[in-house]
């Protein structure tokens with residue numbers, strides 16, 4: 001993939017101010033590329049989920065800052081995020097993504113409804129809906145990941161998918 005395909009690349013601490021700049025910039029770039037408003041809203045809703053994950057789960061952002069990259073492809077937009085996580089959380093995240101990746105569109109919808117109605121809220125303030133919402137909006141209903149060991153306690157966790 002050539003660098004020319006990269007339409008957005010950010011690395012650094014994530015907060016609401018940065019998130020707003022990302023959304024404005026991406027909406028402008030997608031409009032310039034001729035994307036229709038409903039699709040731009042879909043991508044922006046996914047970018048919100050991604051950035052919130054980076055905000056809520058960042059570890060040592062000054063040493064290993066989270067990152068977000070968006071690349072234009074023939075079949076859509078490839079979105080990649082990287083965040084430093086502890087191994088325990090990475091294990092749980094892998095298991096959750098693996099579970100979601102086995103589901104078809106209808107099963108994802110049912111699982112989403114089940115989480116909405118179970119009333120359980122995670123320590124980060126959600127019920128696990130972020131990654132699930134992302135999977136529901138990807139082209140193939142899949143979220144791909146890779147974990148790269150940083151030290152005995154932490155991993156750089158890479159997530160990518162196509163919208």
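All of the numbers you see were taken from the coordinates with simple rules; none came from a lab. Keep in mind that this is a model prediction, so the values were computed, not measured. All Cβ positions, glycine included, derive from the backbone under ideal geometry; neighbour counts span all protein chains shown.
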Report task. Would you calculate, for the chain, the mean residue ellipticity at 222 nm contributed by helices, counting each DSSP H stretch of 4 or more residues as -39,500 (n - 2.57) and dividing by all residues, to the nearest 500? Result -> -15500 deg cm²/dmol
Query raised in the report: Per q in 0.09, 0.17 1/Å, what log10 I(q)/I(0) does a Debye calculation on the alpha-carbon atoms of the chain return?
Result: -0.29, -1.09
Report task. Can you tell me the order of 31-37, 150-156 when each peptide is scored by its average per-residue count of other Cβ atoms within 10 angstrom, highest first? Result -> 150-156, 31-37
Requested in this report: Using the number of other C-beta atoms within 10 angstrom as an exposure proxy, rank 39, 111 with the fewest first.
Outcome: 39, 111
Report task. Based on other C-beta atoms within 10 Å, arrange 139, 79, 46 from fewest to most. Result -> 139, 46, 79
Report summary line: The orientation-averaged projected area of the Cα convex hull of the stretch 32-107, in nm², is 6.9
Report summary line: So, relative contact order of the stretch 3-162 in percent, Cα under 8 Å, 6 or more apart, is 25
Query - At R0 = 30 Å, FRET efficiency that the Cβ-Cβ distance of residue 115 and residue 151 yields, to 0.05 - result: 0.40
Requested in this report: Among 52, 113, 11, determine the one that fluctuates most according to a GNM of the chain built with springs between C-alpha atoms less than 10 Å apart.
Outcome: 113
Report task. Please order 10, 77 by the number of other Cβ within 10 Å, starting at the fewest. Result -> 10, 77
